[in-house]
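Structure first, commentary second.
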Number of protein chains: 2
Amino acid sequence: MIRQLREQISDTDRSIVEAINTRLKLVARLKRYKEERGLDFVDPEREEWMLSYLLRANRGPLSAEGLRELFTEILDLTKREVGRSQAP
Amino acid sequence: MIRQLREQISDTDRSIVEAINTRLKLVARLKRYKEERGLDFVDPEREEWMLSYLLRANRGPLSAEGLRELFTEILDLTKREVGRSQAP
């Protein structure tokens with residue numbers, strides 16, 4: 001039982017890491033596209049919209065407070081990682 | 001093009017939130033199971049193992065440093081949320 005649950009947790013964690021990698025690739029493409037057109041990369045209004053979209057989509061048990069915290073961390077991480085991978 | 005990328009990013013974020021919810025449910029079940037048997041819930045050795053497993057599984061572009069940071073945040077969040085949802 002413990003082993004089975006742990007395997008399911010590991011599978012879930014791997015899928016989270018894969019989704020984060022997908023997110024980084026998409027954001028890097030969006031950044032490149034916007035930069036080529038002289039547009040600002042960071043868009044606080046869009047970030048606000050996305051947070052409220054996710055708050056509506058969230059079916060729990062993750063709390064609204066926990067989601068806010070997770071999303072803040074993912075946005076910070078994305079900015080650092082996309083900056084890093086595009087450094088010369 | 002921007003709209004298309006944003007939609008894909010939103011889909012990815014929704015799948016991350018869903019995976020976190022799955023993780024919380026699994027960990028809550030594991031916690032209950034272990035507590036009923038008088039076992040410690042937090043297992044630092046297991047957490048170390050999971051981190052090295054994810055580092056091996058990670059195909060990038062997420063860096064090892066970024067993965068460590070993300071995983072630390074997810075473990076902290078999980079402990080707080082699972083504690084919260086089981087409070088009387």
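So A:E35 passes all but one of these: (1) facing chain B (nearest Cβ under 7 Å); (2) modelled with pLDDT under 95; (3) over 30 Å from B:E35 (Cα atoms); (4) open to solvent by 80 Å² or more (accessible area, probe 1.4 Å). Which condition number does it fail?
All conditions pass for A:E35, except number (1).
So B:R56 ticks every box in (1) facing another protein chain (nearest Cβ under 7 Å); (2) at pLDDT 95 or above; (3) open to solvent by 30 Å² or more (accessible area, probe 1.4 Å) but one. Which box is left unticked?
(1)
Failed condition for A:L30, given (1) more than 9 Å from chain B (Cβ to nearest Cβ); (2) closer than 23 Å to B:S63 by Cβ, with all others met?
(1)
Scan segment A:44-57 and report the pairs whose first residue is over 15 Å from A:D76 (Cβ atoms) and whose second residue is polar (S, T, N, Q) and modelled with pLDDT under 95, with Cβ atoms within less than 6 Å and a gap of 6+ or a chain change.
That search, which allows pairs on different chains as well, returns nothing.
I want to confirm something. Restricting to segment A:71-88 and keeping residues that are without any contact (Cβ under 8 Å) to a residue 24 or more places away in the chain and assigned to a loop (DSSP other than H, G, I, E, B), which single residue is most open to solvent (accessible area, probe 1.4 Å)?
To start, the set of residues in segment A:71-88 that are without any contact (Cβ under 8 Å) to a residue 24 or more places away in the chain comprises A:71-73, A:76, A:80, A:83-84, A:87-88.
Right, trim to assigned to a loop (DSSP other than H, G, I, E, B) and you get A:87-88.
Working: A:A87: 59, A:P88: 175 Å².
Per the stated criteria, the residue is A:P88.
Just name the residue that is nearest to the chain's Cα centre (by Cα) out of those in segment B:59-68 that are open to solvent by less than 60 Å² (accessible area, probe 1.4 Å) and within 17 Å of A:L70 (Cα to Cα).
Ranking the candidates gives B:L67 first.
Residue under question is A:R46, and the condition is that it be facing chain B (nearest Cβ under 7 Å) and of a type in the set (D, E, K, R); does it hold? Give the derivation first.
Working: facing chain B (nearest Cβ under 7 Å): no; of a type in the set (D, E, K, R): yes.
No; evaluated as a whole, the condition is false for this residue.
Using the structure shown, decide if A:T78 is in contact with a Leu (Cβ under 7 Å, 6 or more places away or on another chain), more than 7 Å from chain B (Cβ to nearest Cβ) and among the β-branched types (V, I, T). Quick ask: steps written out before the conclusion?
Numbers: in contact with a Leu (Cβ under 7 Å, 6 or more places away or on another chain): yes; more than 7 Å from chain B (Cβ to nearest Cβ): yes; among the β-branched types (V, I, T): yes.
In short, yes.
Take A:R68 and decide whether it is basic (K, R), closer than 22 Å to B:G83 by Cα and either at pLDDT 95 or above or in a helix (DSSP H, G or I) (or both). Write out each step before concluding.
Numbers: basic (K, R): yes; closer than 22 Å to B:G83 by Cα: yes; either at pLDDT 95 or above or in a helix (DSSP H, G or I) (or both): yes.
Considered against the rule, which asks whether it is basic (K, R), closer than 22 Å to B:G83 by Cα and either at pLDDT 95 or above or in a helix (DSSP H, G or I) (or both), A:R68 comes out as yes.
Please work out if A:I16 is closer than 18 Å to B:G60 by Cα, open to solvent by less than 30 Å² (accessible area, probe 1.4 Å) and free of Cβ contacts under 8 Å to residues at least 24 places away in the same chain. Reasoning before the result, please.
Details: closer than 18 Å to B:G60 by Cα: yes; open to solvent by less than 30 Å² (accessible area, probe 1.4 Å): yes; free of Cβ contacts under 8 Å to residues at least 24 places away in the same chain: yes.
Answer is yes for this residue.
The values are calculated or read from the model by the stated rules, or taken from the named source; none is laboratory data. These numbers were taken from a predicted model, which means no experiment stands behind them. Note that we place each Cβ from the backbone using ideal geometry, even for glycine, and neighbour counts take in every protein chain shown. The protein model used for the area step is the full one, side chains on, heavy atoms only, and it has no ligands, DNA or RNA in it. Shrake-Rupley method; radii C 1.70, N 1.55, O 1.52, S 1.80 Å.
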